[in-house]
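Structure, as structure tokens:
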Amino acid sequence: VNVDMAKPFNVFGSIQDHGSRKGTVHLNRGRNSIPAVDFENAPGGEGSNHEIDPSNPNIVYSAGFYGTISQTNVKTGERKNIMPKTPDGVDKLRGQWLAPFILSPHNPKIVYHGTQFVHRSMNQGASWEKISPDLTYNHASMKGDIPYQTIFSLSESPFKFGLLYAGTDDGRIWRTKNGGADWQEIIKGLPFRKWVSRIVASKYNEGVVYMAQNGKRDDDFGVYLWKSEDYGDNWTSIASNLPLGPINVIREDPVNKEILYVGTDNGVFVSFNGGLYWETLMGDLPNTYVQDLVIHPRDQIMVAATHGRGIWAIDVSHLQKMNKENLRAAALFAIEDAQLPRGAGRWYMNTGKNASISFTMDKRMDITINIRNKSGQLVKEVKMKADSGLNFYEWNLRDENGLVKAGSYKLELKYGTHIMSQSLNVLPYE
């Protein structure tokens, strides 16, 4: 799954036997009230990665079967096959069903593509150069009708152009610091021949890289999740308390450097301390195989692609406020401005923006939320059972008589003998 930088942003994904789809995510009713998304056809096949030019959301790169790659201008409908040519002396290019390709964080016109080689284009796929040797074991005994011994994950450091990492389906991990002129294998201390499901160069520290492996294709359902602080020379497990189950993807939070997310065969998990401890982020998400995760860098909405249960979205802006001080303490976070709907009738329910309240508690307990107007009069009282950790409450801007008036309000959260408070602004409909 991937997203573009359009306003509102679009989600791209693919569905077995049904091609690729694109859907628009509207946040006009608030970040906690994302409406159902109507999906339409998009470039790409039934098994496709997507990359969207961040400087031009009309330019979409997509995959076909076994490593083919295309570029489409969705505004004009023009489509180009930009698959690299097979190098001289090579029988054929081996591409995975979901072959990886990425746009450089340094220049979106630079494209990297993985077969058994790493290919690089400096001109949006118009021409390519092979910048690596065969990075797989390339054993004849391991070849068959379905491509194997291929690159499955690619990542380039946002800090340095040409600092690239590549992981293969047959368990090899490689690094180049000079754009492919020299490659070093970085597998010290790692299990042998485990499928590299994702490799991610950190956006916060040049030497940090994360890597997930899984062995389920060999009936190994162990948890393999690693972090390196020295460009992959040495790896430390950050699997910690993650439950048994293969890991398919790891992502850094784009705002809070301590937060990591993983998608596994059992769902989504989050760590607020760099992988020392993990917590479930399931909520009402079904217990299902999570293939991919992406966090929108502008709108802070995380989108998850599942196997057979569709695409899901969650607002992670609340999670980004978490730190070691409030993770196990009581805290009431600042409240984003709410906005009244156009009217009170049912025809206007798709306008306006509810007040989304988030807070943490150090243990499970009964609490009371009171909302008062600027005169101190109580307009809303809510009693609820709060959980240990992060909690949410969404106020629909109504009291017992209907919609409240625009203005300034005060929210008080009472627990035991303590009171926390935050201001709350309700804007008129524009």
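The values are calculated or read from the model by the stated rules, or taken from the named source; none is laboratory data. Keep in mind that this is a model prediction, so the values were computed, not measured. So basically every Cβ, Gly included, is an ideal-geometry build from the backbone, and we count neighbours across all protein chains shown. Heads up: the accessible areas ignore ligands, DNA and RNA and are worked out on the full protein's heavy atoms, side chains in. Shrake-Rupley method; radii C 1.70, N 1.55, O 1.52, S 1.80 Å.
Overview of values
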| item | result |
| --- | --- |
| Of the criteria (1) open to solvent by less than 20 Å² (accessible area, probe 1.4 Å); (2) touching a Lys or Arg at 6+ places or on another chain (Cβ under 6 Å); (3) over 21 Å from residue 96 (Cα atoms), which one residue 176 fails | (2) |
| Residue 172 vs. criteria in contact with a Ser or Thr (Cβ under 7 Å, 6 or more places away or on another chain) and basic (Lys, Arg) | yes |
| Subset of the stretch 354-372 (residues that are assigned to a strand (DSSP E or B) and of a type in the set (Lys, Arg)) | 372 |
| Residues satisfying the stated conditions in the stretch 36-53, i.e. at pLDDT below 95 and either of a type in the set (S, T, N, Q) or in a loop (DSSP other than H, G, I, E, B) (or both) | 36, 37, 38, 41, 43, 44, 45, 46, 47, 48, 49 |
| Residues within the stretch 272-287 that are crowded, with 19+ Cβ neighbours inside 10 Å and more than 14 Å from the chain's Cα centre (by Cα), tallied | 3 |
| Of all residues in the stretch 331-342 being out of contact with any Leu (no Cβ under 9 Å at 6 or more places or on another chain) and at pLDDT below 90, the one that is farthest from residue 420 (Cα to Cα) | 342 |
| Looking only at the stretch 379-396, and only at residues there that are open to solvent by less than 30 Å² (accessible area, probe 1.4 Å) and within 31 Å of the chain's Cα centre (by Cα), the one that is farthest from residue 282 (Cα to Cα) | 395 |
| Within the stretch 182-216, considering residues that are among the aliphatic types (A, V, I, L, M) and without any contact (Cβ under 8 Å) to a residue 40 or more places away in the chain, the one surrounded by the most Cβ atoms within 10 Å (Cβ to Cβ) | 208 |
| Where residue 374 falls short, out of the listed (1) touching a strand residue (DSSP E or B) at 6+ places or on another chain (Cβ under 6 Å); (2) open to solvent by less than 60 Å² (accessible area, probe 1.4 Å) | (2) |
| Qualifying residues in the stretch 288-314 (those that are more than 24 Å from residue 105 (Cα to Cα) and touching a Ser or Thr at 6+ places or on another chain (Cβ under 9 Å)) - the one surrounded by the most Cβ atoms within 10 Å (Cβ to Cβ) | 290 |
| Residues of the stretch 354-371 satisfying the condition of being more than 22 Å from residue 315 (Cβ to Cβ) and open to solvent by 20 Å² or more (accessible area, probe 1.4 Å) | 362, 363, 364, 365, 366, 368 |
| Matching residues, the stretch 59-68, being open to solvent by 50 Å² or more (accessible area, probe 1.4 Å) and in contact with a strand residue (DSSP E or B) (Cβ under 8 Å, 6 or more places away or on another chain) | 68 |
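A quick yes/no check of all residues on (1) at pLDDT 90 or above; (2) among the hydrophobic types (A, V, I, L, M, F, W, C); (3) more than 24 Å from the chain's Cα centre (by Cα); (4) over 21 Å from residue 6 (Cβ atoms):
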{"position": "311", "(1), (2), (3), (4)": "yes, yes, no, no"}
{"position": "320", "(1), (2), (3), (4)": "yes, no, no, yes"}
{"position": "324", "(1), (2), (3), (4)": "no, no, no, yes"}
{"position": "329", "(1), (2), (3), (4)": "no, yes, yes, yes"}
{"position": "346", "(1), (2), (3), (4)": "no, no, yes, yes"}
{"position": "349", "(1), (2), (3), (4)": "no, yes, yes, yes"}
{"position": "359", "(1), (2), (3), (4)": "yes, yes, no, yes"}
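For (1) assigned to a strand (DSSP E or B); (2) polar (S, T, N, Q); (3) over 18 Å from residue 210 (Cβ atoms); (4) modelled with pLDDT of 95 or more, each residue gets a yes or a no:
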| position | (1), (2), (3), (4) |
| --- | --- |
| 109 | yes, no, yes, yes |
| 120 | yes, no, yes, yes |
| 133 | no, no, yes, yes |
| 138 | no, yes, yes, no |
| 147 | no, no, yes, no |
| 155 | yes, yes, no, yes |
| 161 | no, no, yes, yes |
